[in-house]
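All remarks here apply to the structure that follows.
The values are calculated or read from the model by the stated rules, or taken from the named source; none is laboratory data. Quantities reported herein were computed from a predicted structural model and do not represent experimental measurements. When we count neighbours, we look across all protein chains shown, and the Cβ atoms used for this are built from the backbone with ideal geometry, even at glycine. Just the protein is used for accessible areas: all its heavy atoms, side chains included, with ligands, DNA and RNA removed. Shrake-Rupley method; radii C 1.70, N 1.55, O 1.52, S 1.80 Å.
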Amino acid sequence: MERRTIGAGALEVGAVGLGCMPMSWGYSGSRQRGDESLRAVHRALDEGSSLLDTADMYGPFTNELLVGRVLKERRGDAFVSTKVGLLVGDQHIVANGRPGYVRRACDASLRRLQTDVIDLYQLHRADPEVPVEETWGAMAELVRAGKVRALGLCAVGARGGRRSGGLYDGTIRQLRRIQQVFPVSAVEAELSVWSPEALETLVPWCASRGVGFLAAMPLGNGFLTGTLTPGQGFEPDDMRARHPRFTAEMMAANQPIVVGLRRIAARHGAAVTAAQVALAWVLAQGPGVIPVPGAKRQRWVAENAAACGLRLTARDMAEVGELPAARGSWD
């Protein structure tokens with residue numbers, strides 16, 4: 001698989017990563033099977049998708065434990081990214097950026113991941129009650145202590161629907177502040193065919209500074225794969241059950257996007273899928289952009305990894321650019 005670098009430290013990873021969150025958080029609980037997920041992670045590493053993206057809040061904690069079972073056997077094949085800064089309660093999620101907490105959380109993540117170093121440690125959300133420089137400073141201490149290799153920031157932006165300019169202005173302000181404390185190696189934010197807003201300011205900001213960009217949700221929470229049926233419904237614990245783009249009406253309204261991706265895929269061969277076109281589009285946004293699609297099954301992991309071999313033409317890219325904008329339930 002093609003390799004790409006993260007940050008000035010030139011940390012190399014496979015061009016397509018694996019988002020491990022769906023294996024234990026955010027999606028249908030009835031479909032979260034440990035053994036099947038373990039096989040999917042192993043398959044990702046076999047395919048060259050070395051970046052494994054997780055967080056302590058996923059589960060909470062169970063996602064890191066799952067990834068740790070793989071790392072115990074194959075640490076040398078993996079580039080592990082995990083996150084800190086969010087605590088999960090019974091009915092709420094709160095930010096915690098206190099330095100003491102960051103240090104304890106890192107040690108706990110290292111134990112769950114069964115490793116002595118985290119390749120990329122990301123701040124999931126800044127704590128509004130703690131100056132972000134203090135949180136970032138504590139994370140920088142972890143690098144100096146040898147517990148972490150590089151630091152990243154998860155961007156904050158609105159989800160779906162009509163968005164005004166300046167979506168990532170707040171994130172860029174945070175980035176400027178923390179860059180004065182310790183270098184940022186990567187930024188993670190949503191980027192996909194139906195959510196391209198990061199291309200306006202955030203991706204260029206990263207590219208101009210040699211900062212890697214991890215494209216979260218590059219398959220639109222599964223919609224861009226074309227495997228979801230309008231009106232199919234979602235389990236109550238599935239975040240798509242509350243997402244404004246996943247009502248039956250909006251899923252039907254956004255079908256032209258999938259149709260367009262399938263049309264482009266067909267030009268490249270019967271085996272090429274809409275999902276692969278969506279990932280290839282993300283890969284084409286720059287050499288520092290790394291899509292991190294979520295997956296729970298070996299089949300999807302292998303399909304996602306194969307997108308690295310798909311090269312979209314100028315005609316393909318123009319057609320994607322002409323697809324209708326995604327709609328949400330407020331449109």
* Asked: Residues in region 160-170: is at least one within 27 Å of residue 319 (Cα to Cα), surrounded by 16 or more Cβ atoms within 10 Å (Cβ to Cβ) and of a type in the set (A, V, I, L, M)?
  -> yes
* Go over the candidates 302, 266 one by one and state the one that is touching a helix residue (DSSP H, G or I) at 6+ places or on another chain (Cβ under 7 Å) and not acidic (Asp, Glu). => 302
* **Top-ranked residue in region 236-259 [being assigned to a helix (DSSP H, G or I) and at pLDDT below 90; ranked as most open to solvent (accessible area, probe 1.4 Å)]** => 242
* Structure fact -> With the first residue restricted to region 237-256 and required to be under 18 Å from residue 275 (Cβ atoms), and the second required to be surrounded by 13 or more Cβ atoms within 10 Å (Cβ to Cβ) and of a type in the set (Phe, Trp, Tyr), Cβ contacts under 6 Å at 6 or more apart or on different chains are 240/234; 240/246
* Structure fact -> The strands (runs of 3 or more DSSP E) lying wholly within region 47-91 that contain at least 2 residues that are open to solvent by 10 Å² or more (accessible area, probe 1.4 Å) are 86-88
* Asked: Does region 114-123 contain any residue that is open to solvent by less than 10 Å² (accessible area, probe 1.4 Å) and among the aromatic types (Phe, Trp, Tyr)?
  -> yes
* To do: Looking for whichever is of a type outside the set (A, V, I, L, M, F, W, C), within 30 Å of residue 260 (Cβ to Cβ) and part of a loop (DSSP other than H, G, I, E, B) here; the options are 233, 222. Which one fits?
  => 233
* Starting from residues that are hydrophobic (A, V, I, L, M, F, W, C) and under 24 Å from residue 41 (Cα atoms), keep the ones in region 92-109 and report whichever is surrounded by the fewest Cβ atoms within 10 Å (Cβ to Cβ). => 108
* **Residues (open to solvent by 20 Å² or more (accessible area, probe 1.4 Å) and of a type in the set (Asp, Glu)) located in region 124-151** => 129, 133, 134, 141
* Have a look at 188, 200 and point out the one that is in contact (Cβ under 8 Å) with a residue 12 or more places away in the chain, charged (D, E, K, R) and buried (at least 18 other Cβ atoms within 10 Å of the Cβ). => 188
* Sort out which residues of region 203-228 are among the polar types (S, T, N, Q) and buried (at least 16 other Cβ atoms within 10 Å of the Cβ), and write them in order of number. => 221, 225
* Structure fact -> In the set 125, 112, the lone residue that is within 19 Å of residue 65 (Cα to Cα) and touching a residue at least 40 places away in the same chain (Cβ under 8 Å) is 112
* Residue ID - nearest to residue 201 (Cα to Cα), chosen from residues in region 276-309 that are open to solvent by less than 20 Å² (accessible area, probe 1.4 Å) and assigned to a loop (DSSP other than H, G, I, E, B) -> 286
* Looking at this structure, is residue 97 touching a Leu at 6+ places or on another chain (Cβ under 9 Å) and part of a loop (DSSP other than H, G, I, E, B)? -> yes
